[in-house]
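These notes concern the structure reproduced below.
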C-alpha cells in the first residue's frame, strides 16, 4: 500500500521549516493528536491517528482517530452525535504530533463520560495526600447514548 503522505525528509531544516506535510508516524503507525476547542482553546482530548485517520480527517473535515483499545478506525462522535468538525490542523516542529482545533456538535461533549473534555479531574494534594477532584459535570448520560456497551 502506498502512503498518501510524502516520507519525512532526512534534512532537519526541511522537516522543520518546509511546506510538505510529512507526518512522522511511530513504529505502530501512529501519531499523537491533541484536540482543542476552536472557541476557547480548551484541551478536549488526546488521541492517536494512523495514516487512514489523518487522510479521512483531511478529506472529510470530520475528526477520525485510531482506537488502540478497539484496534480500529474511529469517527469521533459517530455514536454520540458529538461530531468534531475540524476548523484547523497544525503539526509540531518535527511533525510527530498534531493539533486539531475543532467545533463539537451535539451536546458539545467530547468525553465518553458525557463531559465536554476528557480532562475533567485535577490532581490535588491536601495534608500530604494526593487525590483527584472532579471539576466538571456530564452534559449527557453515557448509559443512554452508548447502548452497545
> If you look at just the Cα atoms of region 90-137, how large are its Rg and its Dmax in Å?
Replying inline: 15.5, 42
>> Taking 0.36 nm per residue of sequence separation and subtracting the Cα-Cα distance, how much length would be gained by fully extending the chain between residue 85 and residue 46, in nm to one decimal?
In response: 12.5 nm
> Mean 1/r over all different Cα pairs, inverted: what Kirkwood radius does the chain give, in Å?
Replying inline: 16.8
>> Can you tell me the length gained on complete extension of the stretch residue 13 to residue 112, counting 0.36 nm per residue apart and subtracting the Cα distance?
In response: 31.7 nm
>> Explain nothing, just the number: relative contact order of region 34-149, from Cα pairs under 8 Å at least 6 residues apart, as a whole percent.
In response: 21
> If you count, for each residue, the other Cβ atoms within 10 Å and average over each peptide, how do 125-132, 7-14 line up from highest to lowest?
Replying inline: 7-14, 125-132
> Length gain on complete extension for the stretch residue 136 to residue 68, per 0.36 nm per residue less the alpha carbon to alpha carbon distance?
Replying inline: 21.9 nm
> Per-residue ellipticity at 222 nm for the chain, helices alone: DSSP H runs ≥ 4 residues times -39500 (n - 2.57), over residue total, nearest 500 deg cm²/dmol?
Replying inline: -3500 deg cm²/dmol
>> Given the C-alpha atoms of region 41-117, compute the convex hull and give its volume per residue in Å³.
In response: 93
>> Under 10 Å, Cα contacts only: if you run a Gaussian network model on the chain, which one of 102, 124, 35 comes out with the highest mean-square fluctuation?
In response: 124
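None of the figures in this text is laboratory data; all of them are computed from the coordinates on show. Being a predicted model, the structure only gives us computed values, none of them experimental. Cβ sites come from the backbone with ideal geometry, for glycine too, and all protein chains shown count toward neighbours.
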